[in-house]
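S.K.: If you scroll down you'll find the structure; I have some questions about it.
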Amino acid sequence: MSQLLPAADRPLPPAVAPVTPPIPAAPSSPAADPAVAVAAPVAPGARTAVVGLGYVGLPTSLALVGSGARVIGVDIDPARLDDIRADRADLLDVDRERLRDTLRATDPALRLTTSIAEIADADTVLICVPTPVDRHLDPDLTALRAACAAVVAHARAGQTIVLTSTSYVGTTRDLLVEPLAARGLRVGREVWVAFAPERVDPGNDGHRQELTPRVVGGVTPDCTARAATALARITPRVHRLGSPEAAEMTKLLENTFRAVNIALANEFADVCRDLHLDVTEVIDGAATKPYGFMAFQPGPGVGGHCIPCDPHYLLWQLRGHRREAPLIETAMRGISARPRRVVERVRDLLAGSGRTLLGARVLLVGVTYKPGVADVRESPALEIIGELVRAGADVGFVDDLVASVRTPDGATLHRLTDHTDREWDLVVVHTAQADLDEAWLRGQPMVLDATYRMTGLPRREVV
């Protein structure tokens, strides 16, 4: 495995505009592999293969289509491709319109396939596969290793290959550069390789790719330039870094920063409740300071593809170096414990009204990890539901974006369609979706507001 690189003692190079000097033509001599021919030079990004069509890959593909590129969308799951073709993918409105326009076109700019071999038709390959953690909070590199191995096996000379999936420092060299060299494809000569971490904020139209700067670090300066040219099609600004390792660590810093500050906000929420203060009022007050403060909100825990997972890639790598990161470790323990804190609060509130969890009727309102997305990956709601069920509670949930959930124990719970006709001992507001029925909530005997934002409820408690 690549060694963890020390931080540079020099300032970062300045950001660059999307306009990039002309890229040199690919070498005319064939690669060492006689089966690989050097393609005619094409501006990077004009023909792009996107490997993995999930929450990052599909929006990226559609943004590229919007830029005028021809895109080959590769996903090994035929059901995912069926969902995309049937317009069932969870997308921002602007991307949904792009998808519909593309599907209706007589010559679609997006070609969907399960065949990784078709990446040979592309000048640029973007790898956008998930990098979760396992039940022990260690990196699960199954999808990433498979995708990189498949890309290496089918890569040809003349291509630019860009890894976007968050991972440990050294991933790009371990999974792309070294295997390509073993095939006889010299990086920086026959193929060009870089790391450019994804910056997709699902459900947030204000942070779509065309509005969000990207960073990129290539194996050589020419690798960086080619990757920057490809990414400039879908981003307003590309910031160049000196290596893939610097770009990999940049992504880990971005999400570790968020994790630490969310853990701090949760801790302040607990402290404020003990001191009979409204933490939301306190945070809103602090946020009026125009410098040195960034507002983070407390909640029931952290879900999704980034914050609960990415810092563990760094901690896992540091353990291999027998290095500690006490602040990060403490923050991640706090994040991991937050759903259980919600369950403890449910137990305490029920006890205050003479009830126990055994047989208590508890409703969760909203189960996605954030509002506006049909995504329950790592959602705190799953652990909360599982803990409540194990304690003997009669648990239901309502969320128009989710038909059913599977708890950590493997049980399946289906969305209720008649929750307003039932009596509940306690309602937990976990995710405030756009269609949240506040009028109904105001009539409930007890509401635990895990979002900290339902301030108009008469019988409201917070975590």
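The values are calculated or read from the model by the stated rules, or taken from the named source; none is laboratory data. These numbers were taken from a predicted model, which means no experiment stands behind them. Every residue, glycine among them, receives a Cβ derived from its backbone with ideal geometry; neighbour counts consider all protein chains shown. Each accessible area value is taken on the protein alone, full model and side chains, heavy atoms only, with ligands, DNA and RNA left out. Shrake-Rupley method; radii C 1.70, N 1.55, O 1.52, S 1.80 Å.
S.K.: Restricting attention to the stretch 414-441, which residues are crowded, with 20+ Cβ neighbours inside 10 Å and over 25 Å from residue 297 (Cβ atoms)?
M.R.: 425
S.K.: When you go through (1) part of a strand (DSSP E or B); (2) at pLDDT below 95 one by one for residue 50, which number turns out not to apply?
M.R.: Among (1) part of a strand (DSSP E or B); (2) at pLDDT below 95, the lone unmet condition for residue 50 is (2).
S.K.: In the stretch 129-175, how many residues are outside any helix (DSSP H, G or I), open to solvent by 10 Å² or more (accessible area, probe 1.4 Å) and within 20 Å of residue 216 (Cα to Cα)?
M.R.: 4
S.K.: Out of 394, 409, which single residue is in contact with a strand residue (DSSP E or B) (Cβ under 7 Å, 6 or more places away or on another chain), open to solvent by 10 Å² or more (accessible area, probe 1.4 Å) and among the charged types (D, E, K, R)?
M.R.: 394
S.K.: Mind telling me which of the residues 368, 356 ends up being modelled with pLDDT of 95 or more and open to solvent by 50 Å² or more (accessible area, probe 1.4 Å)?
M.R.: 356
S.K.: I'd like to check something: does the stretch 280-290 contain any residue that is touching a Lys or Arg at 6+ places or on another chain (Cβ under 9 Å) and crowded, with 21+ Cβ neighbours inside 10 Å?
M.R.: no
S.K.: Still on this structure, I have one more. Among the numbered criteria (1) open to solvent by 40 Å² or more (accessible area, probe 1.4 Å); (2) free of Cβ contacts under 8 Å to residues at least 40 places away in the same chain, which single criterion is violated by residue 89?
M.R.: (1)
S.K.: Also: Is there any pair linking a residue in the stretch 94-110 that is without any contact (Cβ under 8 Å) to a residue 24 or more places away in the chain to one that is in a helix (DSSP H, G or I) and open to solvent by less than 40 Å² (accessible area, probe 1.4 Å), with Cβ under 7 Å and at least six apart or on different chains, and which?
M.R.: Taking only residues 6 or more apart or on different chains, the pairs are 108/102.
S.K.: With respect to residue 113, determine if the residue is open to solvent by 60 Å² or more (accessible area, probe 1.4 Å) and either charged (D, E, K, R) or out of contact with any helix residue (DSSP H, G or I) (no Cβ under 6 Å at 6 or more places or on another chain) (or both).
M.R.: Spelling it out, it is not the case that residue 113 is open to solvent by 60 Å² or more (accessible area, probe 1.4 Å) and either charged (D, E, K, R) or out of contact with any helix residue (DSSP H, G or I) (no Cβ under 6 Å at 6 or more places or on another chain) (or both).
S.K.: Something else: Please go through the stretch 176-186 and pick out each residue that is open to solvent by less than 30 Å² (accessible area, probe 1.4 Å) and either β-branched (Val, Ile, Thr) or in a loop (DSSP other than H, G, I, E, B) (or both).
M.R.: Passing the criteria: 177, 184, 185.
S.K.: Give just the number: which of (1) part of a loop (DSSP other than H, G, I, E, B); (2) in contact with an Asp or Glu (Cβ under 8 Å, 6 or more places away or on another chain) does residue 87 not satisfy?
M.R.: So the condition that residue 87 fails would be (2).
S.K.: A further question follows. Look at residue 194 and say whether it is crowded, with 23+ Cβ neighbours inside 10 Å and closer than 22 Å to residue 232 by Cα.
M.R.: Considered against the rule, which asks whether it is crowded, with 23+ Cβ neighbours inside 10 Å and closer than 22 Å to residue 232 by Cα, residue 194 comes out as yes.
S.K.: Report yes if residue 276 is out of contact with any Pro (no Cβ under 7 Å at 6 or more places or on another chain), within 30 Å of residue 134 (Cβ to Cβ) and either open to solvent by 60 Å² or more (accessible area, probe 1.4 Å) or among the β-branched types (Val, Ile, Thr) (or both), otherwise no.
M.R.: No.
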